[in-house]
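Read the structure below first, then the notes.
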Amino acid sequence: MKKLIILCSVLTGGFFCHNSHSQTTQTVDTVKLRVVYEQFSVMDTANPGNKMKDMMYLDIGDSITLYDDYNKYVMVHLIKDLKSQAEVDRVINENSSKYNSSGVMDYKVIKNYPQKHKMTVGDRFAMEHYIYEETIETPKWILKNGTLTVAGYECKKAETLFRGRKYEAWYAPGIPINDGPWKFSGLPGLILKVVESKGEFSFECVSLEKKHEAMRDPQAGSAKTAKIRKKSECIKARQAYMDNAGAFIQGNPLYSAPLPAHNYEKKPYNPIELSE
Amino acid sequence: MRIVIIFILLITSLSVRSQTIEGVVKDKQDKVPIDGVVITLLDKNNNTVAYCFTDKDGKYSIQSEEKMDSLFLNVSFLGYETQIIFIKSRSKQPDIFLQVKDFQLKEVSVKARTLWLKEDTIAYNVAALQTQNDRKIGDVLKKIPGVEVSNSGGITYRGFPINKFYIEGLDLLNSRYGIATNNVPVDAVSTVEVIENHQPVKMFKDMIPSMDAAINLKLKAGKKFRPVGTVEAGGGYGFDDYLWTLNAFGIQVEKKSQTIVMYKTNNSGKNIVSEFDDQTIGTENLKSFTLPSALISSPITRSMPLTESRYLFNKTHVLTLNNLNKVSDDSHLRVNVNYINNCKEETVNQYSSYYIEGDNLIINELESLNNRLNLLDGAVTYNNNSTNQFINNPLKGVAGWDNTHSGIQTQSPVSEEFDLRNYYIQNDLDYSVKTKNRIWNINSFMRYSSLPRQLNVQTESLTSDQSILRIGFYTQNNTYYSFKRGLSSFRVDLSLEAAFDNLKTDLKYHFLSDSIRNDIKSDFLKTFIQPQYSYNNGAFLFSVKIPLVLDWLGVQDNEYKTNTEYSYLFVNPSANLRYKYEMWELIAQVRYNQDIGDIAGLIPSYVMTGYRTLRNTSGILSKDKSLMNTFSLAYKDALNGFYFNLGGYYRKTERNMMSKQRFINELSFSSNDQQSSQSKFRGANGYIGKNFYNIGTTFTLTANYARIESKKWQQGDHYPLQSEIWSLIPKVNFSVKRYFNVICEMVFSSNSQSITNSTANKYKSSFAQIAQKTSVSYFPNKKIEFKLQSEYFSDEIAEGIKTELVFLDCGFSYRHKKWEINFSWDNILNQKEYSYLTYRDLDSFSYSYRLRPQSLLATITFNY
């Protein structure tokens, strides 16, 4: 009898409940505008026809501006809203196959972060964050005649020489805000298109969306505890990684087996910044 | 004064060449300055003459060389109404007030969404990781940063076991995913996804974060909706036997179902049984339901510091059938059936030395073992994983027969016959349902097991028989409640465990007329409540658990007609800390634990566990108290290729008893003595890695040290013992581009034992071991691979006596489209025996094992 009582209490006593909670990541600003750019890069200058494509988004807040990988954003937010595991599987299935060795790097630029007039630039490779900060430098633009419609907006033309490359930019006076893709800013309207003179880099707006949502700390997570390094160190590490990734990671206890042989070969690399 | 003059000059000179317009822009409602307003100076043709932006005080300053009377200012900012201001010819403008206006955008949608997950899911293109000597997906998985793959196919990511192994998003194999790791052909897979922080329960997503990762394999488009796999057949000669190997593996992935079928057999020394091991599933899965002990175990499960294929004499057949069918979008039904038939042979010369009162009792045995294992298990699992409900219920049945015949040559021949059987059936229900913001959860595990054991010993004309039967029912039921406030989270776990056990043993020993029996029944109940607090801000993680455990055990001994009840209340606190700063990471843990044993530790009468070993546990319930501390410090500077880890471990255990051993001639009687004992374990490990990128060379050094202090009761005397073990592993990896790779590894290890009591006779002994391994791979082109490997062992098998052994193996493979041919020539120097030494407390054991002779094996593989 005692056994029976014990057994019954075991089988019925197992119910309990717990409250749900939401993620509490620090909010740093409010996003008011989201712009998505198609970014093309030529990494192999010997083969300029081979352009790598990245979808990047620019989240413009009251102060902070985040330029980051759009697919990363879509994946994180799209999946969250889906109803069933089956839908998640379907979305991942449909979309991950579209990936084809593109995606230059896991790269982001955060303007006015951690403070005004500064920007934080983050790169990620070989399971490490490489983060540096620099003062926002506005390119010296020369306004030119000429108009072009980008994403439905009439744009005006400007030119500059920035970090060793010549660029032609198109900005929309109809969107009166001082911002643009990557490290660009400083035109009397949002920069919707930028083309490098040799065609090695280009940025073009494909979508604009009005927003009113919290901007989560863009460096939340593992990047928060990473060391802020010198810009020159980050560039040196990226170069060493592109020159010989296999050799670069050796000795790191995170990599248990040597990488395949082709990782020991030099990969084409064409840095966007040629000078300070 | 001079400065003022210069200043005036400057102002006037500027005003000559250009005019400056200045002013402030404010919000019309709250009169607060607006930052970032675009001020454009336009001419009458609407061309931009100049522009600027307001600063944080709303101030702007714009210059122009043109005549100001023909120009106007366009003041605009996103979210405000644009104002046009005509300029009178003066520099200072009145304040401009902008009216808030909801901005309208011509919203444009994205043309193409190429999705590529970088943070949560990291996808690896298999073609990019694959090299020509990779065959199975496991070969590629181990190249993914942070991933390690064990020989049995178990996967860890950043040092922690993965919590799910998916194929096309479905969990077909559950904990037996080693079958996939070791057999899915690499050519069938397009992408491997590592899903970090994977929460497999859909409705817990965004509520309960997970620290574990999962792996998902995505097959190539042409490898779905049809059977895919490999057939590999081979034969060879092993210089006293013919060798065979046959592997057939097939996987078929459909939209609503998945199937894996595999049959493997060989006698070539390759362990294919370990692929069926249950892998650890995640770090947050605290469930472990080990079978109770039934006192006798098979004598064949020895392992030695040598690659298993060098000493494994086997004849193995394995068969697995796995099928998953989706019942709906969110639920599936899974059936897994496995059968193992494994025969193993072992020949060993064992030289045992037992320390007795300053002298050694030496026993020399030549043992030849023959083991036959038959294991059949089947499971049916129903899973429903939707946004408001989760059910996972595997029902599993297992039947296992393990027979070992052991023929021993000692002073007189002895034979042992072990017959060990396991039968059990278990059900593990996990059910959660969500209503509004709450989750109701129940987890209930139940098992009925029957474990019959037989041991028959024949010495000359005498026979002894031991039989054991342990029958039990066990159930464990858990639930928890959790909530989060800011960066802190609280959780309370509640658990109820119950076990009903019956252990019967019967020994008919040859010189005793009466049989020796145990017959114990027990009821066990454990209630457990565990409050837990944790704080996590990304860099700093801290958690404390304070479980309160109430144990109740009622024991009824039918042989001695006694009834005993035990009840205990334990508090077992523990704390964890992790701190990350830049390139440093510190982890520390403190744990205090108290626990009691089960009825296997309560048998008063002897049980025979081997022809010369008898054991009882003196009817004393074991009670352990332990304190454990661990810490680790890691430093990682990838930029300079420098890595450093340092870890430490300390454990102090107090037990209410001491194990004792007594010899009468060669017969060993072990039992427990009601005297408390204490043991201390201290350990440290270190790792240093330095990478010289420019010469493609990496040096790493791993060091381990452990010191154990304990006490041993042998032949009526207490001996305080101390043993020390250390090892040092230097490794050099040298890669010369694509076609040539050299890895050189050495292991130095040393083991020493001593009695630390000054009054007893001094006893100290130690032995050392050196192992060295060098492997060279050469790929002249993409189809051909040559491999050469040498291993060197130097073992001390007795004081001052060393054995040295060199192994040489080579291989060649040729690959053409779907076909592949392999030749391997193993143990070229035909080494026949491997000897090594181990210590256990005061006793030392020296073994000499027969090795597989030189062998030639050719296999042909077809991938379909």
Check: Which of the residues that make up the range B:754-783 are away from chain A (no Cβ under 14 Å) and at pLDDT 80 or above?
Finding: B:Ser754, B:Ala768, B:Gln769, B:Ile770, B:Ala771, B:Gln772, B:Lys773, B:Thr774, B:Lys783
Check: So which of B:Ala539, B:Ala499 ends up being among the small types (Gly, Ala, Ser) and more than 28 Å from the chain's Cα centre (by Cα)?
Finding: B:Ala499
Next item on the list: Would you tally the residues in the range B:385-440 being of a type in the set (A, V, I, L, M, F, W, C) and away from chain A (no Cβ under 14 Å)?
Entry: 9
Next item on the list: Return only the number of the condition from (1) crowded, with 16+ Cβ neighbours inside 10 Å; (2) modelled with pLDDT of 90 or more; (3) out of contact with any Gly (no Cβ under 9 Å at 6 or more places or on another chain); (4) within 30 Å of B:Ile296 (Cβ to Cβ) that B:Gln589 does not satisfy.
Entry: (4)
Checklist line | Test result for B:Thr653, within 14 Å of another protein chain (Cβ to nearest Cβ), part of a strand (DSSP E or B) and either touching a Pro at 6+ places or on another chain (Cβ under 8 Å) or farther than 30 Å from B:Tyr509 by Cα (or both) | finding: no
Next item on the list: For the range A:227-254, name all the residues that are outside any helix (DSSP H, G or I), surrounded by fewer than 20 Cβ atoms within 10 Å (Cβ to Cβ) and at the interface with chain B (Cβ under 7 Å from one of its Cβ atoms).
Entry: A:Lys227, A:Pro253, A:Leu254
Checklist line | Any chance A:Ile191 is more than 7 Å from every other protein chain (Cβ to nearest Cβ), surrounded by fewer than 20 Cβ atoms within 10 Å (Cβ to Cβ) and β-branched (Val, Ile, Thr) | finding: no
Next item on the list: Scan the range B:321-347 for residues that are out of contact with any strand residue (DSSP E or B) (no Cβ under 8 Å at 6 or more places or on another chain) and over 13 Å from B:Lys255 (Cα atoms) and jot them down.
Entry: none
Check: Going by the structure shown, is A:Ser202 within 18 Å of the chain's Cα centre (by Cα), facing chain B (nearest Cβ under 9 Å), more than 21 Å from B:Tyr80 (Cβ to Cβ) and touching a residue at least 40 places away in the same chain (Cβ under 8 Å)?
Finding: no
Margin query: It is to be established whether one or more residues within the range B:698-706 are in contact (Cβ under 8 Å) with a residue 12 or more places away in the chain and touching a His at 6+ places or on another chain (Cβ under 7 Å).
Written below: no
Item checked: Residues satisfying the stated conditions in the range B:450-463, i.e. within 43 Å of the chain's Cα centre (by Cα) and of a type in the set (Ser, Thr, Tyr) -> B:Ser450
Notebook entry, point to check: Looking at the range B:502-547, which of its residues are part of a strand (DSSP E or B), within 14 Å of another protein chain (Cβ to nearest Cβ) and hydrophobic (A, V, I, L, M, F, W, C)?
Noted result: B:Phe524, B:Leu525, B:Phe528, B:Ile529, B:Phe540, B:Leu541
Notebook entry, point to check: Checking B:Ile520 against (1) free of Cβ contacts under 8 Å to residues at least 60 places away in the same chain; (2) buried (at least 17 other Cβ atoms within 10 Å of the Cβ); (3) touching an Asp or Glu at 6+ places or on another chain (Cβ under 8 Å); (4) among the β-branched types (Val, Ile, Thr), which single condition isn't satisfied?
Noted result: (1)
Checklist line | Residue ID - surrounded by the most Cβ atoms within 10 Å (Cβ to Cβ), chosen from residues in the range B:36-65 that are small (Gly, Ala, Ser) and assigned to a loop (DSSP other than H, G, I, E, B) | finding: B:Gly58
Checklist line | Residue in the range B:502-536 that is farthest from the chain's Cα centre (by Cα), counting only those that are at pLDDT 90 or above and hydrophobic (A, V, I, L, M, F, W, C) | finding: B:Ile516
Next item on the list: Go through the range B:501-533 residue by residue and tally those that are among the basic types (Lys, Arg) and closer than 22 Å to B:Leu614 by Cβ.
Entry: 3
Item checked: Residue ID - nearest to the other protein chains (Cβ to nearest Cβ), chosen from residues in the range B:106-131 that are modelled with pLDDT of 65 or more and surrounded by 17 or more Cβ atoms within 10 Å (Cβ to Cβ) -> B:Thr131
Margin query: Contact list please: Cβ distance under 8 Å, first residue in the range B:137-153 and more than 9 Å from chain A (Cβ to nearest Cβ), second residue assigned to a loop (DSSP other than H, G, I, E, B), pairs at least six apart or on different chains.
Written below: B:Ile137/B:Val184; B:Gly138/B:Gly153; B:Asn151/B:Asn271; B:Ser152/B:Asp277; B:Ser152/B:Gln279; B:Gly153/B:Tyr177; B:Gly153/B:Asp277; B:Gly153/B:Gln279
Check: Of the residues that make up the range B:18-29, is at least one outside any strand (DSSP E or B), more than 10 Å from chain A (Cβ to nearest Cβ) and modelled with pLDDT of 70 or more?
Finding: yes
Check: Within the range B:841-864, restricting attention to residues that are within 30 Å of B:Glu709 (Cβ to Cβ) and in a loop (DSSP other than H, G, I, E, B), which residue is farthest from the chain's Cα centre (by Cα)?
Finding: B:Leu842
Check: Could we say that B:Arg682 is basic (Lys, Arg) and buried (at least 17 other Cβ atoms within 10 Å of the Cβ) here?
Finding: no
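The values are calculated or read from the model by the stated rules, or taken from the named source; none is laboratory data. A quick note: this is a predicted structure, and the numbers were derived from the prediction, not measured. Heads up, the Cβs are rebuilt from the backbone with ideal geometry, glycines too, and the neighbour counts pull from every protein chain shown.
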